[in-house]
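Structure, as structure tokens:
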Amino acid sequence: TPAGLPGLFSGYDQRVRDLLATPAAGEAYFSPVEEVSGETWAHGRVVLVGDAAHASSPNMAQGVAMAVEDAQVLAEVLTTGGDTEHLLQQYVQRRLPRTRWVQRQTHQRDRTRSMPPTVRNIALRYGAKGLYERGYAPLRDLP
């Protein structure tokens, strides 16, 4: 709840604590992180892209990147010509594996939040580089 924020951030810079002491901090909205998944991104000649089609936890910071990739792949597919509805289904089938992979990665990262802080801190201190490299390696390839 908003009332618990000052305690959670007590070790932070005074500017952060001052911000949390303002009346607006009491109006903070808290909710679980929502995810959008499904395979119906296209219906007829209408298609969803980005978070509207496949939103995930923000822990990988891939929201904009996935939306830009969607636009790139959609443009590539549509320029091949043919039936638009069929082309939109091709776009969805081409994007599903990559967006599903990102969502699986975010699920794995979200699970670290429930680890005891001591264990999590040690694991991240010594394994962060490898986690980062494995976690982003597939995204280095073009979509």
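The numbers here are math on the coordinates, done by the rules we state, and not lab data. Treat the numbers as computed from the prediction; the structure is a model and nothing was measured. Positions of Cβ are generated from backbone atoms using ideal geometry, with glycine treated the same way; all protein chains shown enter the neighbour counts.
Quick notes on this one:
- Helix 117-136 and the longest principal axis of the C-alpha atoms of the chain enclose an angle of approximately 20°.
- With θ taken as phi - 60° and the Karplus curve 6.51 cos²θ - 1.76 cosθ + 1.60 applied, the whole-hertz 3J(HN,Hα) list for the range 93-106 is 5, 6, 8, 3, x, 5, 5, 5, 4, 4, 5, 5, 4, 5 Hz, x standing for glycine and proline.
- Prolate/oblate/rounded call for the chain, Cα gyration tensor, a/c under 1.5 rounded: prolate
- For the range 34-81: span of alpha carbons on each principal axis (Å, largest first): 37, 20, 11
- Residues in the range 30-55 that a label on Ala71 would reach, taking backbone N under 18 Å of a point 7 Å out along Cα→Cβ: 47-55
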